[in-house]
Amino acid sequence: VAVAPALRARGIARVHITPAPLPDPVAYTRAVAEIATERAVDMIYAPFEDGFFLARYRDLLPAPLFVPDFAAVEVLHDKARFVDLCGTLGLPTPKTEIVTSREAMRSAIAGLGEYFARPAFSRAGTMTMTNHGAHAGERDQAVGRVL
């Protein structure tokens, strides 16, 4: 990404540009592996969604990955499965309704006073839809297509 903060950070000795993890996560993982080999990296740390892709293809990496195995990462990234995990552990979560169709989404929204919707696999605050707060009425096209 041309505006990545690391490209201008004073504390960074060297920047490596890789392909984006999507649409080809294997190419991304191989690029990270090549950099790790070239730089003699002892451990790969992936604090964001890149860890999801690297965990899936960790067998391509030349160094240990400081990320749990793919099955654990998948549960933590899938909002539906994460809510289920929290319930199993007795941890409170906001009321959550999982929908898989336009009709189910319309029905779920109609039964709520206020709502915040996003795909089960989404990043940060991207791809959201809500009817309250600062972003009421705004809708990301990816989520909006569901309706």
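The values are calculated or read from the model by the stated rules, or taken from the named source; none is laboratory data. What you are looking at is a predicted structure, and each value in this text was computed from that prediction instead of being measured. Please note: Cβ atoms are built from the backbone with ideal geometry, for glycine as well, and neighbour counts cover all protein chains shown. Ligands, DNA and RNA are excluded from the accessible area calculation, which covers all protein heavy atoms including side chains. Shrake-Rupley method; radii C 1.70, N 1.55, O 1.52, S 1.80 Å.
Couple of notes before you dig in:
- Consider the range 60-75 and keep the residues that are within 20 Å of D24 (Cα to Cα) and touching a residue at least 24 places away in the same chain (Cβ under 8 Å). The one that is most open to solvent (accessible area, probe 1.4 Å) is P62.
- Residue list for the range 24-82, filter: among the β-branched types (V, I, T) and over 13 Å from the mean Cα position of the chain (by Cα): V26, T29, V32, I35, T37, V41, I44, V67
- You will find that of T88, T93, T18, the residue that is open to solvent by 40 Å² or more (accessible area, probe 1.4 Å), over 29 Å from F116 (Cα atoms) and either among the polar types (S, T, N, Q) or part of a loop (DSSP other than H, G, I, E, B) (or both) is T18 and no other.
- The residues listed here are A55, A80, A46, A33; of these, the one that is modelled with pLDDT under 90, open to solvent by less than 50 Å² (accessible area, probe 1.4 Å) and farther than 15 Å from F121 by Cα is A46.
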